[in-house]
Every structure is written in structure tokens, then in C-alpha cells.
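The values are calculated or read from the model by the stated rules, or taken from the named source; none is laboratory data. Keep in mind that this is a model prediction, so the values were computed, not measured. Backbone-built Cβ (ideal geometry, glycine too); neighbour counts: all protein chains shown.
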Amino acid sequence: MFPHLSPAFQAYIAPAQARSQIWRTVLGLVLIFALFLLATVLLGLGTTFLGEYIKPGLGVRLMNEVETGRTIFSTFAMLAVISTMIPALWLVLKFLHKRPLHTVLGPSGTINWRLWRGGAAIILILAAIDATTTALSTDLTQQMPLLKWLTWLVPALILLFLQTTAEEMVFRGYLQQQLAARFKSRWIWWVLPSVMFGLAHYNPALFGNNTWLIVAVTTLMGLILADITARFGSLSPAMGLHFTNNMVVMLFMNSSGQLSGMSFYLYEIDMRSPEMKSALLVSLAGMLFGYGIFMLIMRRRRL
């Protein structure tokens, strides 16, 4: 029932076999996130100095916007920073593992758009149900005029694609491949990257007592994405699922807060509140139910 080292998955992890030593993987992760932090610092300094050069006080205001994440600029800036993990991963793969970046996508080295659309379609159906229940249970506020939203939609979609692709390449691509090439146990190559993905969303300043529930939800999402990647031997369906999930949340309907600057509709909810806890528990239960159905279908198809 759980993912295993199927022929498709073995073909997927084959490029990592030659240099799968654990020290390389650990060093690779350290370098990826060090380069990511460096890019964050450089972007922050560049924004501050350029803003101050254009107009005194502008740089500080822009950096304050990035910290709150409630404007179009700050949302784009945060997505752009996360996207820098792609060139960081390229450097690590090239010099530490001696393999090209496209090997994290799958045996073909390209995005399988049929699988990508399949992953996107699944989450789009679930997101439509969730959006309907949210719209019926909360007061939605239109954040900006439709024309303004449409004006920024294309760059937003491009940055979202890069951001979600970066996260998938690192967690379900690089890390899952490297661990599976080294260890046969699914509890290492399936669970460990997912737990790390969940912990990457640890933010007690934002979520308060709901922090560990957020980590649990994102860890489960990581497990689902890693499972799909293993069963199909391709990163494409996880990429499609992740992109569509973030697209619905960040561009159409979001709670007022971080990364909400491009959302067409907003609703108010305190991320630390008991109401948020209840919403997260419902989301967790829905994900578990959907994942259970997925595993049963995969079992019948012998995948």
C-alpha cells in the first residue's frame, strides 16, 4: 500500500546512484540552504539600497512590506527568493554530484505535462470544494480591482511556477533521489524529506499554538507528494499538484497575512486562533481521507 522501490522509482533514482554517499547529500543540503540564505540577504540589501537611492525612506518601506508579505511587491519578492534554490541546486548537482539539473525531473529529463496536468486536476477539484465551503462560511473581501489583478497575473503565475518547482526539485527531487539511492527503507527516503518539508513551515511567531498542526499538515502534504513521485517515477505530478494548490491559495482566495498580496479575495482569520485550529484539523482529515482513497486506487492498479 505504501510507496516502494518499484521499477519506475528505481529508474527515477538511477542518476543519484553513482554519488549517493550520505556526506554528499548532507553537504549538498547545507550548501543549497546557505546559497538560499545568501540570496535572501543580497535581495534584502539590494532592495534597501536601491529604494533609498530612488527616494529616501523607500528602501526601508519596501523591506517592511517584505516582512509582512501583504503587498504584490512583497509576495513577488518572497517567491523570487525561494526560486533561487533552483540555481543553488544546479551548482550542487554540477560540482558535488557530477550530474545535470534535469535528472531530478525523471528518466526523460523533461516535465511530463500529462502527469503534471493530472496532478493539477486532482488538487483543483479538492481546492474548488474547499473554496466553496470557505466562501459560504466566511466574509470574502475583494482585495483589488479585476483589471489590476489581471495585469499582474502572468508574472505571478511565472513566479509561482518557479517557486513550487524549486521546492519540488529540492525535497522530492534531489533529497528523495539521494536518500533512496543510498537506503532501501521507505521510512528514510519517503518520510525524512517530508518531515523536513513540514519543519520548513515552522513559524511560531505567525501560527502560535497552531504551529505544530501546520507542520503536521505540510508534512502530510510532503508524504503525499513524495508518494506520488515514487509511484510514477517522475517529479511532474507532484509539481502540478503543488503549483495548483499554491495558485488557488495565493492568487484567488487567501487569509490576510503573509503571501496574500496577489490574492483576489481575502478573508480574515487569526492564524493563532481556535477557529484556525479547527480549520486545520478539517483540512488534515480531508487530506487523510483523500490520500486513503488514492492508496486504494494505486493498490488496485498495482502501482
(Q) Looking at V248 and the list (1) in contact with a helix residue (DSSP H, G or I) (Cβ under 8 Å, 6 or more places away or on another chain); (2) surrounded by fewer than 18 Cβ atoms within 10 Å (Cβ to Cβ); (3) assigned to a helix (DSSP H, G or I), which single condition is not satisfied? (A) (2)
Q) When the residues of the range 260-287 are filtered to those that are out of contact with any Phe, Trp or Tyr (no Cβ under 9 Å at 6 or more places or on another chain) and crowded, with 18+ Cβ neighbours inside 10 Å, which remaining residue is nearest to A135 (Cα to Cα)? A) L266
Q: Return the residue satisfying two criteria in turn: it lies in the range 155-189 and is in a loop (DSSP other than H, G, I, E, B) and not basic (K, R), and of such residues it is surrounded by the fewest Cβ atoms within 10 Å (Cβ to Cβ).
A: S185
Q) Given (1) within 18 Å of the chain's Cα centre (by Cα); (2) outside any loop (DSSP other than H, G, I, E, B), where does S234 come up short, assuming only one miss? A) (2)
Q: Take the residues in the range 53-86 that are touching a Ser or Thr at 6+ places or on another chain (Cβ under 7 Å) and among the charged types (D, E, K, R), then tell me which one is modelled with the lowest pLDDT.
A: E65
**Q.** Which numbered condition M144 misses (of (1) part of a helix (DSSP H, G or I); (2) farther than 22 Å from P237 by Cα)
**A.** (1)
(Q) On the basis of being more than 19 Å from F207 (Cβ to Cβ) and touching an Asp or Glu at 6+ places or on another chain (Cβ under 9 Å), does M247 make the cut? (A) no
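Listed here are the residues, each with its yes/no results for (1) under 26 Å from A205 (Cβ atoms); (2) within 17 Å of the chain's Cα centre (by Cα).
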site	(1), (2)
L42	yes, no
A80	yes, yes
K94	no, no
G118	no, no
A127	no, yes
A131	no, no
Q: Take G57 and decide whether it is under 13 Å from Y174 (Cα atoms) and in contact with a helix residue (DSSP H, G or I) (Cβ under 9 Å, 6 or more places away or on another chain).
A: no
Q.
Please go through the range 6-20 and give me each residue that is surrounded by 13 or more Cβ atoms within 10 Å (Cβ to Cβ) and either basic (K, R) or under 12 Å from H97 (Cα atoms) (or both), ordered by number.
A. P15, A16, Q17, R19, S20
